[in-house]
């Protein structure tokens, strides 16, 4: 008798060029019902028009049921978030919760400095007050995620919050100890990265797990940047520090002149704000699941169903990679598809990242053809990928580079 197959998990890395738009869904026991959990990781692009085009296509693919359970934003650089108004403004789309890393005021200022001319009013307002800006355009609850200092809590803990309910008892929950989920008196929630999202599909031993890692709060050259910015604004350094410490950064980003000074200081000092990206490990709880994929015109069978999404993470040395491994634990060893951090930048990558999961695998970069000056992905990064026996892939603006993968269940 031939085994019947049905979809368990589907995901798409959309061809938005220089940016990120990753959508996925987990199907429950009844394949005729809506997925028990829909989620998005990043939603933006600096390649003109490509984010909105992909978002429109994704929304149409949802049919009449356009509820999204969670959106996870790795950080607030424009090319990772500027498609959010288009997604939330699409007809009939609702998002229950939006997760993003808890950023210090200085990190939010430098995010605008990095975004440069791509910093739309939405991105600027998001940097000034993330919760208020999201709530202005959506009814979604805002969850800010911070580094908790512990390990990802897969095996121990309890249900702390329901994220989604589905017919037949299937659900998605925040799982961990009592410290991982803290509703705030002023609204929204503070979550630590020890929490996981556990998606119960209603199938025995077939939970799907999302784990997170927020890099330790660290900002290279912060003092140098503050001095350069004070000089550019012609402000007293003490006044500038007090403005930022009091989270009154709207006054720094209020007009084009002050934003120009913010960008000029960044270019002068090259302060590094990538260390606040929220990374996500997505895969089945069980280790015996494989998926099929179509990356452009190339078909892959037998890939491990666990992917590591890295945003603009700073994984440039063995120590930073080891911290990631230690936090995510044994499940990271199942990884077979890795998103190269920061579009494949050499400044954010160390070759030890390629050994955290199963070998050989696929390592991909989301990098636009319309941004040749950035040279993403870096040639040395691609060489490291091929040297490790992995397959390099670049998702550009072209539809032929899109990545689609499906994990199947045998009946």
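The values are calculated or read from the model by the stated rules, or taken from the named source; none is laboratory data. Nothing here was measured: the structure is a model prediction, and the numbers come from that model. A quick note on method: Cβ atoms are made from the backbone with ideal geometry, for glycine too, and the neighbour counts reach across all protein chains shown.
Might you let me know whether region 213-230 holds any residue that is over 17 Å from the mean Cα position of the chain (by Cα), in contact (Cβ under 8 Å) with a residue 40 or more places away in the chain, more than 19 Å from residue 107 (Cα to Cα) and outside any strand (DSSP E or B)? No, the conditions are met nowhere in region 213-230.
Any residue that is part of a strand (DSSP E or B) and surrounded by fewer than 21 Cβ atoms within 10 Å (Cβ to Cβ) - is there at least one of those in region 374-392? Reasoning before the result, please.
Just the residues of region 374-392 that are part of a strand (DSSP E or B), to begin with: 391-392.
Within this subset, residues satisfying the condition of being surrounded by fewer than 21 Cβ atoms within 10 Å (Cβ to Cβ) are 391-392.
Yes: one or more hits.
Determine if region 104-118 includes at least one residue that is in a loop (DSSP other than H, G, I, E, B) and either surrounded by 24 or more Cβ atoms within 10 Å (Cβ to Cβ) or not assigned by TED's automatic domain parsing to the domain that holds residue 40 (or both).
Filtering region 104-118 down to residues in a loop (DSSP other than H, G, I, E, B) leaves 104.
Those still in the list that are either surrounded by 24 or more Cβ atoms within 10 Å (Cβ to Cβ) or not assigned by TED's automatic domain parsing to the domain that holds residue 40 (or both) too: none.
No, region 104-118 has no match at all.
Condition first: without any contact (Cβ under 8 Å) to a residue 24 or more places away in the chain and in contact with a strand residue (DSSP E or B) (Cβ under 6 Å, 6 or more places away or on another chain). Now tell me which residues in region 289-313 satisfy that. Those that are without any contact (Cβ under 8 Å) to a residue 24 or more places away in the chain and in contact with a strand residue (DSSP E or B) (Cβ under 6 Å, 6 or more places away or on another chain): 301, 302.
When you scan region 400-409, do you find a residue that is touching a helix residue (DSSP H, G or I) at 6+ places or on another chain (Cβ under 8 Å) and in a helix (DSSP H, G or I), even just one?
no
Here residue 161 passes the criteria (1) at pLDDT below 90; (2) under 20 Å from residue 202 (Cα atoms) except the one numbered (1). Evaluate the following for residue 361: is it assigned by TED's automatic domain parsing to the domain that holds residue 151 and closer than 15 Å to residue 293 by Cβ? Yes: the conditions hold for residue 361. Are any residues in region 66-76 buried (at least 23 other Cβ atoms within 10 Å of the Cβ) and assigned to a loop (DSSP other than H, G, I, E, B), and if so, which ones? Scanning region 66-76 gives 73, 74, 75, 76. Say whether the condition of being touching a helix residue (DSSP H, G or I) at 6+ places or on another chain (Cβ under 7 Å), over 21 Å from residue 35 (Cβ atoms) and surrounded by fewer than 23 Cβ atoms within 10 Å (Cβ to Cβ) is met by at least one residue in region 154-175. Looking through region 154-175, at least one residue is touching a helix residue (DSSP H, G or I) at 6+ places or on another chain (Cβ under 7 Å), over 21 Å from residue 35 (Cβ atoms) and surrounded by fewer than 23 Cβ atoms within 10 Å (Cβ to Cβ).
State whether one or more residues within region 43-62 are in the same structural domain as residue 123 (by TED's automatic domain parsing), closer than 30 Å to residue 276 by Cα, in a strand (DSSP E or B) and at pLDDT 95 or above. Scanning region 43-62, I find at least one residue that is in the same structural domain as residue 123 (by TED's automatic domain parsing), closer than 30 Å to residue 276 by Cα, in a strand (DSSP E or B) and at pLDDT 95 or above, so the answer is yes.
Restricting region 77-100 to residues that are touching a strand residue (DSSP E or B) at 6+ places or on another chain (Cβ under 7 Å) and in a loop (DSSP other than H, G, I, E, B) leaves a set whose member that is surrounded by the most Cβ atoms within 10 Å (Cβ to Cβ) is 83.
Per-residue answers, yes or no, for (1) over 20 Å from the mean Cα position of the chain (by Cα); (2) closer than 28 Å to residue 150 by Cα; (3) in the same structural domain as residue 15 (by TED's automatic domain parsing):
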{"site": "314", "(1), (2), (3)": "no, yes, yes"}
{"site": "323", "(1), (2), (3)": "no, yes, yes"}
{"site": "326", "(1), (2), (3)": "no, yes, yes"}
{"site": "339", "(1), (2), (3)": "no, yes, yes"}
{"site": "349", "(1), (2), (3)": "no, yes, yes"}
{"site": "389", "(1), (2), (3)": "yes, no, yes"}
{"site": "401", "(1), (2), (3)": "no, no, yes"}
{"site": "404", "(1), (2), (3)": "no, no, yes"}
